[in-house]
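One structure is given here, and the rest of the page talks about it.
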Amino acid sequence: MSAGYNFGFMDEHAKKEIRRAILKAIAIPGYQVPYSSREMPMGRGFGTGGLQLTLSLIGENDTLKVIDQGADDSVNAVNLRQFIEMTCPGVDTTTYLSEATLIQSRHRIPEVALKPEQVLILQVPYPDPLIVVEPSEDKRKMMHGEADYARLLVKLYEDIVKFDEITISHRYPTRINRHYVIDPSPIPRWDVPKLNHSPALILFGAGREKKIYAVPPHTLAEPLAFDDVPFRVEDFSDEIGNRRACVRCGSRESFLDEFTDETAGKVYQCSDSDYCDGQLAKQSGKEAVYA
Amino acid sequence: MRKILEVRNLSKIYGRGCSRCVESTGPEQETNICPHCGSVVAIHDVSFDLHEGEILGLMGESGSGKSTVVKNLYFDQTPTSGSARFFNDGIAKDMFGINAAQQRYLRNHSFGMVYQNPHLGLNFGISAGGNIAERLLMSDVMHYAEIRTRAKELLVRTEVLLSRMDESPKNFSGGMQQRVQIAKALATNPPLLYLDEVTTGLDLSVQARILDLILEIQQELNTAMIVVTHDLGVIRLLTGRALVMKYGRVIESGLTDQILEDPQHAYTQRLVASAL
Amino acid sequence: MTQQAILKIKNYEKNFVLHEQSKRIPSSHGVDLEVYAGKLTALIGPTGAGKSSVLKGIYRTYLPSGGNMLYRTAKGDLIDLATADEYSILQLRREEIGFVTQFLFCLPRQSTLDVVAHPLVARGVLREDAREQAAQMLGALNMPERLWSLSPATFSGGEKQRVNLARGLAAKPRLLLLDEPTASLDPATAERVIELIESIKLEGVAMLAIFHHPELTARLADHVVELIPPPPLVQMKHTILETEAML
């Protein structure tokens, strides 16, 4: 690491400000706390919000896992992990969820339940679910303050009218602690229930939009729905109604990504690569790490 | 008849205002604009009572301030001074003393508003049914089928073609847009409805149909209404009592038929005589 | 045994002040009269004597310029109609005082049946019962049944008059004001109206009426009050405001 950079790349004042914003976010679940988002040596849109959260929290005793769309080895995850290794000498990194204390993720929450000692940091492009119905930030702030989400709910109504169901696939608006509705970042519907009464703290960082928010542990997180049209997760059934299995590990319980293979056509595979490895390890008896 | 609304000394001044605004404006000075500071005294010292199930007319020409009165009572604006009390089941609420969230609650549950310009009352980005759904959602109805049924009921009642329920109102005729507005305003069965020049600009036959509708609904639901208009025919047809306004002041008030047949104030006499 | 008057008017006066023309036009002047339950008081006098003005003053379509009009309500209270507040007047109009004029203002689309039933419905009578009573009255007035479902807006003068009458008579208010009720009617229908007036008299309705035919007054009136025209029009040299400023 070249001389002149502080541990964690950002100066201590910057990290302190962000930690204070995090505390405020935890104290007001779901409330978007504005903060001075620093310039990072990567473009906005590549996880600078999540990165700033990680850098503010990470210490020498932490073990970090970075995933992107569930995979540790995707380009962005690799890039971020290497940057953190470079700027935080002495910090361990891992691909095993069970070893991690800090998990930074883009667009997925791990399949296996988190533990109370862990903190999940999600990268957020657009923090405000109301942006689709109201362009003025002033008005949006008032709407959040008064929990006035009728216009958002109308969007759901219109979906049901047109398509007989709510068609939002990711970024599903979710009400935290019975007041603020958040955009939980582009995680699939599959992952939204994990926010509810989570054992671990879940933080959300939007670098470009300069907002931090949180779903604290054991907090109510309810995806918006109607009394008679409940929230549903993705359905992985095939044409005859059987639940599809991962082509690699055979699991019928995980969130599956769809790939097109030249010979086999459409194949389905676990999105969470660590989970998939864990399933294979169980099958071959080598499951020690996947406790 | 129980009181539902009590308005006292309501005033609205646009601009910084000065100590001479009030005395330099009004019907005698023939202006709303204060010559000393340029502020606009839109309304001054407006007081009246409204009872449950009653229809009150606010009559006047452009600049009279009649629309400003209802805009303030609907919380679209904040008055400069004055007070208003709303009575619900005998409990009075100080309308301008409660906080914004409480005002929004009143607005969503107890009031309805129909504007002259449908763009103010309707969201053209969503369907006609969606507009009504929005109002129901704002009053905490969270059951989709119930919302759908109620929206259909209201559209049928206001004679909007059900087949167009899921279309945006932007392609509707003016009369139909107004009827969607009325349906939306009535969604929560509000005890008080504000109607701001709702038929102005519409064809006469369309006007007649809408006025009919308003009166029928009022008889069915016993909704109290404040009807803002410059049209004497509308006043005569809909209202039992009326206020005549000029340059922001109330210059005459009384029973509607008395104001139209035995106007006391010179301006009212001129107004009534000018009716075609 | 003297009956208590349901309405007692003393010194009723009505002047119109026309600001634009700076004129004060007298309409009624020094009117005293009484109306009793189950009896009809008729107002007679030449045109311009202010007869209609008295009826309108009672109904508060005109604001009386002077005098008092003591009305005994159903509850037994005495109220001066000249100075009563607007709500009380509206309530009385709804529940106790009816007015049959020559003008018909109604919703463009309301059926004749509903127009006639309306005062009863406003008082709380069930719509079906109100419609039945309305139908009876329309029948009694020779109104063809095919017209009952149509709006009176397009009717002839005589037909509108019958709708007005039906509405006023069906409501059977405590006090009924009648302004030339048979003016546009054919003799046969006029005769029916006379019969109806006589029958509601028996039901205790108090009436104050202006008839254009002295014969009707002779047949129906229990009391007759003659009005004399007011003093001639005063042409003002100064405007009202100037006059007041000079005083």
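FYI, it's all coordinate maths here, none of it is from the lab. Note that this is a predicted model, so its numbers are computed, not measured. Note that we place each Cβ from the backbone using ideal geometry, even for glycine, and neighbour counts take in every protein chain shown.
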- Query: For region A:235-291, what is Rg from Cα atoms divided by 2.2 N^0.38 Å, rounded to two decimals?
  - Reply: 1.21
- Message: Bins of 10 Å, beginning at zero and ending with the bin holding the largest distance: percent of Cα pairs per bin for region B:196-276, please.
- Response: 16, 49, 30, 5
- Here are some pairs, B:Lys246/C:Lys160; B:Lys170/C:Lys160; B:Lys66/C:Lys160; A:Lys24/A:Lys282; B:Lys12/B:Lys184; which of them have Cα atoms lying more than 32 Å apart in this structure? B:Lys246/C:Lys160; B:Lys170/C:Lys160; B:Lys66/C:Lys160; A:Lys24/A:Lys282
- Message: Quick check on chain A: of the DSSP beta bridges with both residues there, what percent are antiparallel, nearest 5%?
- Response: 60
- Computed over region A:170-291, Cα set: Rg, Dmax in Å: 17.4, 50
- Query: So what J values fall out for region A:188-202 if you push phi through Karplus, 6.51 cos²θ - 1.76 cosθ + 1.60 with θ = phi - 60°, rounded to Hz, Gly and Pro as x?
  - Reply: x, 4, 3, 8, 4, x, 5, 6, 6, 6, 5, x, 10, 6, 10
- Task: Please give every one of the aspartates and glutamates within straight-line cross-link reach of C:Lys51, meaning a C-alpha to C-alpha distance under 13 Å, and leave out same-chain neighbours fewer than 8 residues apart.
- Result: C:Glu13, C:Asp32, C:Asp179, C:Glu180, C:Glu226
- Relative to the Cα centre, what is the charge dipole magnitude of region A:151-291, using +1 at the beta carbon of each Lys and Arg, -1 at the beta carbon of each Asp and Glu, and rounding to the nearest 20 debye? 600
- Can you list residues whose amide H is under 5 Å from A:Val229's amide H, if they're 5+ apart or on another chain and H is modeled 1.01 Å from N? B:Tyr144
- Item | Computed [θ] at 222 nm, helices only, for chain C once each DSSP H run of length n ≥ 4 contributes -39500 (n - 2.57) | -11000 deg cm²/dmol
- Item | Value of relative contact order over chain B, rounded to a whole percent, pairs C-alpha under 8 Å and six or more apart | 26
- Note on the structure: Residues whose built amide H sits under 5 Å from the amide H of A:Val247, excluding neighbours closer than 5 in sequence, are A:Tyr268, A:Gln269, A:Cys270
- Taking only Cα atoms of chain A, radius of gyration then Dmax in Å: 19.6, 62
- Query: Quick one, what does Rg over Rh come out to for region C:62-139 if you take C-alpha atoms and the Kirkwood Rh?
  - Reply: 1.04
- Okay, helix-only estimate at 222 nm for chain B: each DSSP H run of n ≥ 4 adds -39500 (n - 2.57), divide by all residues, round to 500 deg cm²/dmol; what do you get? -10500 deg cm²/dmol
- Query: Which entries in the list B:Lys71/B:Lys93; A:Lys211/A:Lys266; C:Lys10/C:Lys39; B:Lys3/C:Lys8; A:Lys65/A:Lys194 go over 27 Å, if you measure between the two C-alpha atoms of each?
  - Reply: A:Lys211/A:Lys266; B:Lys3/C:Lys8
- Message: Once the cut-off is 37 Å, how many percent of the Cα-Cα pairs in the protein assembly as shown end up in the long-distance tail?
- Response: 59
- Can you pull a Stokes-Einstein diffusion coefficient for chain B at 4 °C (1.567 mPa s), Rh from Kirkwood over Cα pairs, as a whole number of µm²/s? 67
- Residue by residue through region A:59-76, the couplings from Karplus 6.51 cos²θ - 1.76 cosθ + 1.60 with θ = phi - 60°, in Hz, x for Gly and Pro, are x, 5, 8, 7, 10, 9, 10, 10, 10, 9, 6, x, 10, 6, 9, 6, 3, 5
- The farthest towards the positive end of the charge dipole of region A:71-197, of the residues A:Leu156, A:Asn79, A:Pro110, given +1 on Cβ of Lys and Arg and -1 on Cβ of Asp and Glu, is A:Leu156
- Note on the structure: Quick calc, the protein assembly as shown, dipole around Cα centre from Cβ unit charges on Lys, Arg (+) and Asp, Glu (-), nearest 20 debye, gives 1280
- Based solely on its DSSP helices, what 222 nm [θ] is calculated for chain A when runs of n ≥ 4 H residues each add -39,500 (n - 2.57) and the sum is averaged over all residues, nearest 500 deg cm²/dmol? -8000 deg cm²/dmol
- Note on the structure: In nm, the gap between the two label points placed 7 Å beyond Cα toward Cβ at B:Glu167 and C:Ser199 is 5.3
- Query: What's the extension gain from B:Ile98 to B:Asp76 if we count 0.36 nm per residue and subtract their Cα-Cα distance?
  - Reply: 6.4 nm
- Item | Excluding exposed DSSP-loop chymotrypsin sites (Phe, Trp or Tyr not before Pro) (at most 13 other C-beta within 10 Å), longest clean stretch of chain C | C:106-247
- Item | Percent breakdown of C-alpha pair distances by 5 Å bin, ordered from the shortest bin, for region A:1-74 | 3, 13, 21, 24, 22, 13, 4, 1
- Could you grab the relative contact order for region A:235-291? Cα pairs under 8 Å, six or more apart, rounded to a whole percent. 26
- Message: If I take every Cα pair under 8 Å that is 6 or more residues apart in chain A, average their sequence separation and divide by the length, what percent do I get for the relative contact order?
- Response: 21
- Item | Per-residue average of Cβ from other chains inside 10 Å of B:130-140 | 4
- Item | Overall Cα dimensions of region A:128-224 - principal axes, largest extent first, Å | 37, 31, 25
- Note on the structure: Sorted by chain and then number, the residues having a modelled amide H within less than 5 Å of the amide H of B:Ile4, at least 5 places away or on another chain, are B:Leu50, B:His51, B:Glu52
- Task: Using only Cα atoms, figure out Rg for chain C and give it as a multiple of 2.2 N^0.38 Å.
- Result: 1.07
